[in-house]
Amino acid sequence: MSTPKVAVYRKINFNAAHKLYRKDWSTEKNKEVFGLCANENYHGHNYRLDVKVVGEIDPETGYVIDLTELKEILQTEVHNRFDHQNLNLDCLEFKDLNPTGENIVVVIYNLIRAKLDAKYTLQIRLYETERNYFEYPS
Ligand code: NI
């Protein structure tokens with residue numbers, strides 16, 4: 001009998017500011033493409049992140065992953081890094097990368113992936129608002 005694979009989820013929140021723009025575009029072009037999201041003085045979101053880790057149940061512990069370990073990875077790699085930050089100005093990850101939901105979800109995925117044992121499958125979903133959310137890998 002094969003070992004059952006189970007998905008384990010954890011959610012976290014963080015609040016951050018951003019604006020969408022390209023330095024190499026004019027103000028007009030940025031306003032045209034990114035609309036309100038290009039507003040000069042930034043705006044904030046209450047981001048929510050849903051993290052899904054899939055793996056086999058360890059027969060010894062009965063766990064797929066120790067949720068305390070996952071919690072600590074998310075605290076260090078996501079919350080401590082991005083909460084109450086201005087993504088454009090405070091976070092090196094977005095120095096030359098437009099902090100769209102699409103780019104943020106990929107950046108966060110890579111940060112978590114680097115700390116997670118290769119035996120796990122990881123998928124994350126980033127909610128920018130209740131209605132707008134991003135999933136990676138898709
Ligand atoms: Ni925004």
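The values are calculated or read from the model by the stated rules, or taken from the named source; none is laboratory data. For clarity, every value in this text was computed on a predicted model and none was experimentally measured. Positions of Cβ are backbone-derived with ideal geometry, glycine not excepted, and every protein chain shown enters the neighbour counts. Please note that ligands, DNA and RNA were not included when accessible areas were found on the heavy atoms of the full protein model with its side chains. Shrake-Rupley method; radii C 1.70, N 1.55, O 1.52, S 1.80 Å.
A single entry from ILE112, ILE104, ILE12 fulfils the requirement of being within 23 Å of ASN132 (Cβ to Cβ), open to solvent by less than 60 Å² (accessible area, probe 1.4 Å) and within 16 Å of the ligand (Cβ to nearest atom): ILE104.
Conditions tested, residue by residue: (1) in contact (Cβ under 8 Å) with a residue 24 or more places away in the chain; (2) in contact with a Leu (Cβ under 7 Å, 6 or more places away or on another chain); (3) surrounded by 11 or more Cβ atoms within 10 Å (Cβ to Cβ); (4) not charged (D, E, K, R).
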residue	(1), (2), (3), (4)
ASN30	no, no, yes, yes
GLU40	no, no, no, no
LEU49	yes, yes, yes, yes
PRO59	yes, no, no, yes
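Taken as a whole, the condition of being part of a loop (DSSP other than H, G, I, E, B) and out of contact with any Gly (no Cβ under 8 Å at 6 or more places or on another chain) does not apply to GLU69. Look at (1) assigned to a loop (DSSP other than H, G, I, E, B); (2) within 15 Å of the chain's Cα centre (by Cα) and you find that GLY62 fails only one, number (2). When VAL54, VAL78 are checked against the criterion of being open to solvent by 20 Å² or more (accessible area, probe 1.4 Å), within 21 Å of the chain's Cα centre (by Cα) and either more than 16 Å from the ligand (Cβ to nearest atom) or without any contact (Cβ under 8 Å) to a residue 60 or more places away in the chain (or both), VAL54 stands alone in meeting it.
Among the residues here, ASP90 qualifies as under 25 Å from TRP25 (Cβ atoms) and at pLDDT 95 or above.
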